[in-house]
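For reference, the structure is listed below as structure tokens.
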Amino acid sequence: MVEIGMLGSSFAQTIAVTSLFPNDRVGMTEPVNVGFLAPLSGPVSSWGLPGLYGCELWAEWLNRAGGILIGGRRYPLRIIPFDCGYDPQRAMEGARHLVLTEGVSLLMMLGGDTYTPLRSFLNQRRVLTSTLLPSDLSPDTRYLIAPSEVHPVFNVTAVDWLAENEPQRRRIALCSQRDALGLPSTATYRAAFEAAGLPVVKDILYDPEETDVAAIVDPMLAQKPDVLCWCTSYTPMVHAMTEYAYQAGFDGRILSCTFDNYPRCVARTSRAFMEGTLFQFPDFDDPKLARKAFFFNRPKEFYREYNARYPETWSAVSWEYVAILEIWHAAVEKVASVSPVSVLTTMKQMEPVTHAFGPARWWGEQVFGIDNALIGDWPVVRLVDGKAQIAEFRSVPDWLKRHETLLRRHLQSMGQLWQQRAEAGTVQTTGLLTREAGD
């Protein structure tokens, strides 16, 4: 028998070998259910809805290829969405429905405030659950994983690239909002700049509800920085601050964790001003993805079909949930089971497991209290003539080998280690805002 549930397998490979299986191994009508519990409406739907679009497209491709191979038979995959609107009580209702009524084998969540009240319920029932917010991880979340992205640790790669490739840009001004995304991001950027020997001349933490862009950017510009770093500010603020810096005549480098819908900002400023802007999330038609050990193996086709179906909705969220599905799918086929315990054990035993941008390893005990997050290479993305291009893939594990103690010190200074959250005995609210840029 041909075994396709091997390390790094994907449904693209499944398509290639489907014809090798006898007909009596396909066509099972009982589906494997995956729950999608995220905000699909309301002010933070941009953290959920594009992800659902991507998962449904992925599932369609997989089912067209025959479905999931389990014990020599193929089963269709069914994505079951539940709109929690980022409301904790609604999230609990959704979790109970998806787990108890639908019997989902994997529960995908955005996480944050909607995960906290579910922790005990999901742990007791051993529900394999994924989050996009690694800050949800702790020693008592044994069945919670963050395999798609480990925010904000991957941000060190762009700082490292900047220091090596543009050494003349030394004066850094940074800012981010004071919340569960902004605080660890700020700590990580501080550590990365210190490791690179780049002085931070202005460091601003602003209220998440702040709308006075001038009050944030003017003090940064007053220090005559070479680099304006927005850390993990939300997309509307990234756009607003970038446009303000353009109007103010800033002629240095922009650095940001994300830059969703960057063409809009290019159109509202200029290609020359945005040239060289650095961030961390590529377009999936990037040629360098085709040469990477990449979880889709067909990233360009996925990107093209997604944008044709759901125009002007593409963001990092569009593929992050799909990346989780790919890792889960590989483990399910390898162990020939959808049992959460078996699948999680298989995930942890894969050496290495393949995440979005190639081989990765499990990490996180020193920061999150548990090694349930995946780290590996991460792309540094640069705007060239108005288009995002991957400048280079850089290794997060290699950076951590050299500087993990420094990172822990900065995270500790901002109260972001899991021990500090546990000792405080308080729930750290995420308070997410929209990722969509608007007027």
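The values are calculated or read from the model by the stated rules, or taken from the named source; none is laboratory data. Given the structure is predicted, the values throughout are model-derived calculations rather than measurements. Cβ coordinates were reconstructed from backbone atoms using ideal geometry, including for glycine residues, and neighbour counts include every protein chain displayed. For the accessible areas, the whole protein counts, side chains as well, though only heavy atoms, and no ligand, DNA or RNA atoms are used. Shrake-Rupley method; radii C 1.70, N 1.55, O 1.52, S 1.80 Å.
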- Message: I want to check the label-to-label distance for residue 349 and residue 434. Put each point 7 Å from Cα in the C-beta direction and report it in nm to one decimal.
- Response: 4.7
- Item | Alpha-carbon radius of gyration plus Dmax, which is the widest Cα pair, for the range 359-439 in Å | 16.7, 49
- Message: Given a 1.4 Å probe and heavy atoms of the protein chains only, how would you sort 29, 101, 313, 346, largest accessible area at the top?
- Response: 29, 101, 313, 346
- Note on the structure: Looking only at lysines whose Cα falls under 26 Å of residue 334's and that sit 8 or more positions away or on another chain, we get 292, 348
- Note on the structure: Share of Cα-Cα pairs in the range 94-234 beyond 20 Å, whole percent, is 56
- Can you pull the semi-axes for the range 301-439, root of five times each eigenvalue of the Cα gyration tensor, sorted largest first, whole Å? 28, 24, 18
- Query: Where the convex hull is taken over the Cα atoms of the range 173-276, what is its projected area averaged over directions, in nm²?
  - Reply: 6.0
- Message: Taking the solvent-accessible surface of protein heavy atoms with a 1.4 Å probe, what is the per residue accessible area of the range 130-277 in Å²?
- Response: 32
- What is the Cα coordinate range of the chain on the first, second and third principal axes, sorted by size from largest, in whole angstrom? 70, 48, 42
- Task: Of the DSSP beta bridges with both residues in the chain, give the percent that are antiparallel, rounding to the nearest 5.
- Result: 40
- Query: Using a 1.4 Å probe on the protein chains only, how many percent of the accessible area of the chain belongs to carbon and sulfur?
  - Reply: 48
- Per DSSP H run of n ≥ 4, the term is -39500 (n - 2.57); total these for the chain, divide by its residue number, and report the mean residue ellipticity at 222 nm rounded to 500 deg cm²/dmol. -11000 deg cm²/dmol
- Note on the structure: Calc'd 3J(HN,Hα), the range 101-116, phi into Karplus 6.51 cos²θ - 1.76 cosθ + 1.60 (θ = phi - 60°), Hz, glycine/Pro = x, comes to 9, 8, x, 5, 8, 9, 10, 9, 10, 5, x, x, 4, 7, 8, 3
- Task: Could you please put 218, 283 in sequence from largest to smallest accessible area, using a 1.4 Å probe?
- Result: 218, 283
